[in-house]
Amino acid sequence: MKLKYFSHSAFQVTTNSGKIILIDPFLDGNPTSPVKSNEVKADYIILTHAHGDHIGDAFNIAKRCDPLFIAVNELANYCASKGFKAHNMHIGGGYNFEFGRVKFTIAHHGSMTPDGTYAGEPSGVILSIDGKNFYHTGDTGLFYDMKLIGEMTPIDCMCMPIGDNFTMGINDAVKAVELVNPKLAIPMHYNTFPVIAADPLEFKKKVEQIGKKARVLNFGEEIEL
């Protein structure tokens with residue numbers, strides 16, 4: 001399983017069998033993304049919530065690639081209403097796809113499409129693929145149930161926001177790492193816009209001070225989990 005970080009909260013997961021999963025593909029309007037939407041492919045697109053910087057370019061990509069959207073019920077219905085394939089899920093539920101298992105978690109945030117459509121609850125997502133568990137928290141504040149998430153599913157890699165203002169800041173994100181206890185923590189949702197400016201190296205240093213492992217991915221960098 002490979003993980004590529006496009007910046008903001010946009011990631012690409014490539015399974016050992018070659019399936020490509022995009023998460024929150026905000027690319028064209030993202031000043032920090034090294035790629036544009038016409039440069040990526042997808043077999044599946046997972047959306048954590050419907051804000052414009054997360055739904056992003058999902059529909060443009062879907063017009064080319066015909067992926068399956070995976071999202072909470074209301075957001076999946078919205079995707080289907082635009083003519084795309086969608087698998088409806090909801091928080092606390094999991095489902096086994098051909099590539100692995102998807103489970104949605106709570107996230108403390110909001111969710112409304114750019115055109116003002118209610119899109120259900122925001123979420124985080126755990127992907128269990130090729131023997132690894134990857135937890136993308138989505139946009140969220142800190143919450144103590146993160147401890148339960150880590151106890152129920154040992155997390156190999158966790159990505160969480162550090163940009164503050166709309167989400168957790170660095171100190172809360174470090175506490176989230178302590179609660180979940182992942183093998184590797186990767187910061188996201190920072191420096192896209194001035195209001196969410198943050199130093200990922202400060203996050204890395206503070207995570208290491210509590211005895212955990214963190215890595216700052218360059219925008220466009222891909223790693224093997």
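Derivation of every value follows stated rules applied to the coordinates shown; laboratory data play no part. Predicted model only: the values in this text are computed from it and were never measured. With ideal geometry, Cβ positions are generated from the backbone for all residues, glycine too; neighbour counts draw on all protein chains shown.
GNM remark for the chain: springs join alpha carbons under 10 Å apart, and the peak mean-square fluctuation among G29, G110, G169 falls on G29. Find how many whole Å separate the alpha carbon centroid of region 192-225 from the alpha carbon centroid of region 58-131. Their Cα centres are 26 Å away from one another.
Couplings for region 16-22, taken from phi via the Karplus curve 6.51 cos²θ - 1.76 cosθ + 1.60 with θ = phi - 60°, read 4, 8, x, 6, 10, 10, 9 Hz in order; Gly and Pro are left as x.
Which of C159, C65, C79 ends up with the largest GNM mean-square fluctuation for the chain, with Cα atoms connected below 10 Å? Evaluated over the chain, the most mobile residue of the options is C65.
Among the trypsin sites (Lys or Arg not before Pro) in region 25-71, those located in a DSSP loop and surrounded by at most 14 other Cβ atoms within 10 Å of their own Cβ are K36, K41. For the pair A197 and N171, a Förster radius of 22 Å applied to the C-beta separation gives a FRET efficiency near 0.90, rounded to the nearest 0.05. In this structure, the amide hydrogen of I46, modeled 1.01 Å from its nitrogen in the peptide plane, lies closer than 5 angstrom to those of L22, I23, D24, I70, counting only residues at least 5 positions away or on a different chain. With a point put 7 Å past each Cα toward its Cβ, work out how far E221 is from E39 in nm, to one decimal. The modelled label-to-label distance comes out at 1.8 nm. In this simple spin-label model, placing a label point 7 Å from the Cα along the Cα-to-Cβ direction at both N60 and E151 gives a separation of 4.5 nm.
Springs between Cα atoms under 10 Å define the GNM used for the chain, and in it the highest mean-square fluctuation of P200, P182, P114 occurs at P114.
Length gained on full extension, K19 to S81: 19.8 nm, using 0.36 nm per residue less the C-alpha separation. Rg and Dmax of region 41-116, both derived from C-alpha coordinates alone, stand at 11.9, 33 Å. For q values of 0.12, 0.15, 0.18 Å⁻¹, compute log₁₀ I(q)/I(0) with the Debye formula on a Cα-only model of region 2-217, without solvent. Ignoring solvent entirely, the Cα scatterers give -0.56, -0.90, -1.36. Taking the Kirkwood radius as Rh and the Cα radius of gyration as Rg, region 1-81 has a ratio of Rg/Rh equal to 0.93.
At most 15 other Cβ atoms within 10 Å plus a DSSP loop assignment makes a site exposed; report the longest stretch of the chain without any exposed GluC sites (Glu not before Pro). It works out to 99-220.
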